[in-house]
């Protein structure tokens, strides 16, 4: 039963740009008000750029530059207090100020300790970065209260329980579900709106942890899955998921609906709308995820769900992942000895370096990885096995679509378009995923390749009303029958047939 504190509820996650300043938080308040009957749980990121600034202050302190660290902290303090004062006044502001001041005093103590030790450990990093979400969630909660919404701030560290892998902690599912039920369900039953930070959690003994950069999306998905939400809404600063990056290709189109599998592939290979881990809990519990624009709340956005109505177009979207390096490992013999690939991959695993694409022959293995993860220690370990070389400034382009399965001639179309753009392909991966064709090219060739691919692959994709999607958006149980479509007023949702 929706709106009465029953089991049904929704999760609304607002990213850093959606809470970047007072006007943005005003918009958030109105969006939350519009969903008040759906029993929302609100999850917020730190204010835009705050996580980077906190990390910068920590690094400055660790280098011994205490003055620089405290200057950065003073700027953060001023920004948060200014934002609070623009949103609140009188008693509301008076109630919030002690909590903000306490956080900044703790931050100053932490940075001073880091400067004294000249060491920023993973554990200290998690403690430092946790303040971004704590501060923003407290400000947002107070702003909602001041606007007449019954709201209660919840400390995310008491709900999201993780292991002790600092800076990349893994949530403990059973413990987290138990804590969320205990903390959030009583609030929902009395129709209060819980507001909490994303990205942060704690170990069983209460030590702060984080679940990785961009992890607020993941937090929202964890909450939605644990609480068996009706849906998860990811509010950001873009219209939704697009057929490709509009910065690369102005002709990019909104995707009205996309499957979990397709969205997960896109997130893993460069699409920046969602954190790659976001969909995992939602997939497990089959909770639909909506990507919506906080600057245009009336926009259609994108719905991500388990099953999407079929169409005849093979491609859903094109993604590009820059900042890639190819690591080549060449065997000393004319063929690879048995177990050699396993040994090479074990080195990458030992150094916690994620491999995106692997190609091998009898004498050589090439691996595409994120450039920043290619540490000297990793290369040194590989050189104990074989000759090693690196090719920097590469990029992975991925063509994704469930209808790629068994599609005759699709690879020829893809690589014909790339060739027509004058782009050379360095590596190819097809078959590992039936819904993804990925290849590696020079980073500088990405714009030309993506624009040509989009032009060729979406040339015959015509906008079409997807009535199943429209029905879902307006709360209908079934699509509007064709004979009655003209009777449905005020319902339009045009998107490409992709």
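Any read-out appearing in this document is the output of simple, stated calculations on the displayed coordinates, not a laboratory observation. Since this is a predicted model, take the numbers as computed values, not measurements.
Max-minus-min Cα coordinates of the chain on each principal axis give 75, 73, 39 Å, with the largest extent listed first. The relative contact order of region 10-305, computed from alpha carbon pairs under 8 Å that lie at least 6 residues apart in sequence, is 20 percent. Given region 44-177, what whole percent of its Cα pairs are spread farther than 26 Å? So the portion of pairs separated by more than 26 Å is 28 percent. State the antiparallel share, in %, of DSSP beta bridges confined to the chain, rounding to the nearest 5. Antiparallel bridges: around 65 percent, rounded to the nearest 5.
For region 165-236, taking Cα atoms only, Rg and Dmax work out to 12.4, 36 Å respectively. Run the numbers for residue 26 and residue 362: contour at 0.36 nm per residue of separation, minus the present Cα-Cα distance, in nm. Length gained between residue 26 and residue 362: 114.9 nm. The smallest convex shape that holds all Cα atoms of region 10-305, its convex hull, gives 127 Å³ per residue. Considering only Cα atoms, the convex hull volume of region 300-417 works out to 179 Å³ per residue.
Taking all Cα pairs closer than 8 Å and separated by 6 or more residues, the relative contact order of the chain comes to 13 percent.
Express in % the proportion of alpha carbon pairs of region 215-284 at distances exceeding 17 Å. Counting every Cα pair in region 215-284, those more than 17 Å apart make up 43 percent. The relative contact order of region 235-387, computed from alpha carbon pairs under 8 Å that lie at least 6 residues apart in sequence, is 23 percent.
Think of it as helices only: each DSSP H run of n ≥ 4 in the chain is worth -39500 (n - 2.57), and spread over all residues that comes to -12500 deg cm²/dmol at 222 nm. Each eigenvalue of the Cα gyration tensor of region 362-440, multiplied by 5 and square-rooted, gives one semi-axis; in descending order these are 30, 14, 12 Å.
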